[in-house]
Protein chains: 2
Amino acid sequence: MAALDLFGRRWSLRILWELRAGPLGFRPLQKRCDDMSSSVMRQRLTELLDAQVIHQLPDSRYELTPLGHEARHALDPLVRWAERWAATIDPQGADHTDDQSAGRVSPPDTVGDGAPERGSAD
Amino acid sequence: MAALDLFGRRWSLRILWELRAGPLGFRPLQKRCDDMSSSVMRQRLTELLDAQVIHQLPDSRYELTPLGHEARHALDPLVRWAERWAATIDPQGADHTDDQSAGRVSPPDTVGDGAPERGSAD
DNA sequence: GGTGACCGCTTCGGAAATCGAAACGGGGAG
DNA sequence: CTCCCCGTTTCGATTTCCGAAGCGGTCACC
């Protein structure tokens, strides 16, 4: 349950996700996370730090701990599900070249709607 | 990313989790989810309904769709990780037989810091 | 030495999400 | 009819999040 709460916050999962490839500094990480507010970012970072999911390198960059990497991998099935999910509910034109949605993605309406969103799992 | 947003909301994962054992009505479900606000509950329910993760039975109870069950199972590794995580950072109060804490759970503070709220493992 | 760019991080006012409790109409039991 | 539980909506109060500006610091460059 604690985990559900920790990861149920707005950018926690995203941060975990963006850190998967390697350590990142504060501002770079912020940019990767859709330019989220630095205030909230610091907050999430602190929570994650406290949960020992990430830690800070001597050069002050943030990096996943072994525990953090496990969490990120534990997330994999969910990512795979997300892809299937996207394919199920949004099977039509997956062409959103003109997409300009910022941070907010809404739950898809229904099959047959024309409201594309970003479904890239990177 | 859309999934990260859908599940990044406050009670989404919890609802998914509480529905794992079978269909539940509105108020029962609400009680199970730490008595969350009915307003937010309705909102989450709508989002989940819209995302075709849950659906409503003729007797108006809520139930996971096949897609929803997949999501719940996709969550399994995360749950397993959570247990390991709890054991890693909170190895002393190793008695999680009881559980009735309120809504907010924070990253455990066992090691080093004195963060406020309490966490419970399920 | 001065300037500008990036850095980690904090502060603050306003917007949005969440809460909490009350209330509606309806169903079933006593 | 009354009492209790139900699903659901509404509304004011609180919490969280956002967005932008600012602080002190480093480093390259001129």
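Please treat every number below as a calculation from the coordinates, not as lab data. On a predicted model such as this, the values are computed, not experimentally measured, just so you know. We place every Cβ from the backbone using ideal geometry, glycine too, and count neighbours over all the protein chains shown.
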Checklist line | Integer Hz, Karplus 6.51/-1.76/1.60 couplings in order for region B:43-55, x for Gly and Pro | finding: 5, 4, 4, 5, 4, 5, 4, 5, 7, 6, 8, 10, 8
Checklist line | Over region B:7-74 - Rg/Rh using Cα atoms and the Kirkwood inverse-distance radius | finding: 0.91
Next item on the list: Estimate the FRET efficiency between residue A:84 and residue B:31 by the formula 1/(1 + (r/R0)^6), using the beta-carbon distance for r and 45 Å for R0, to the nearest 0.05.
Entry: 0.90
Item checked: Peptide A:40-49 - average C-beta neighbours from other chains (10 Å radius) -> 1
Check: Other chains near A:14-22: what is the mean number of their Cβ atoms within 10 Å of each residue's Cβ?
Finding: 1
Next item on the list: Every other copy gets compared here: list the nm distances from the residue B:32 label point (7 Å along Cα to Cβ) to its counterparts, shortest first, one decimal.
Entry: 3.7
